[in-house]
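Below is one structure, written out as structure tokens; the observations come after it.
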Amino acid sequence: QVQLVESGGGLVQPGGSLRLSCAVSGSIFSINTIGWYRQAPGKQRELVATITSGDSTNYADSVKGRFTISRDNAANTVYLQMNSLKPEDTGVYYCNAEVKRRSFSIPNNYWGQGTQVTVSS
């Protein structure tokens, strides 16, 4: 099995910062693209940022210049540094990873349980 565990969410004032972490564990051969999605109340889940195994990054326009995604391949962990947070960044942030469990297997998609981020004064 593969588990994704997010941490680092919380309540922060507008303009503040948070750092999210997502640790992937279990039966893992390699992790391809890994990233963060978020879901605000009453809205659909949306992409925030992703990073490939080659360290190519992709960001939603709404977070460009404020959020930075990075990964530690040795620790099977992805991070999301969030600066200059706005109330509209509020939501549940989910980690998503494409994981190969064997060298010859196709990658499967896995989700974490999510961590709440609330930006409010």
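The values are calculated or read from the model by the stated rules, or taken from the named source; none is laboratory data. Everything quoted here is computed from the prediction, not taken from an experiment. Calculation scope for accessible area: heavy atoms of the full protein, side chains included, ligands and nucleic acids excluded. Shrake-Rupley method; radii C 1.70, N 1.55, O 1.52, S 1.80 Å.
At full extension, Arg45 and Gln113 could sit 23.2 nm farther apart than now, given 0.36 nm per residue minus the alpha carbon distance.
In summary, the aspartates and glutamates within cross-link reach of Lys64, defined as a Cα separation below 17 angstrom excluding same-chain residues under 8 places away, comprise Glu46, Asp55, Glu88, Asp89. Working note: Karplus 6.51/-1.76/1.60 with θ = phi - 60° gives the stretch 18-34 the couplings 9, 10, 8, 10, 9, 9, 9, 9, x, 7, 10, 8, 7, 10, 7, 6, 9 Hz, where Gly and Pro are set to x. On a per residue basis, the stretch 24-121 carries 53 Å² of accessible surface, using protein heavy atoms and a 1.4 Å probe. Just the protein heavy atoms count here, and of the accessible area of the stretch 43-121 at 1.4 Å, carbon and sulfur take up 43 percent.
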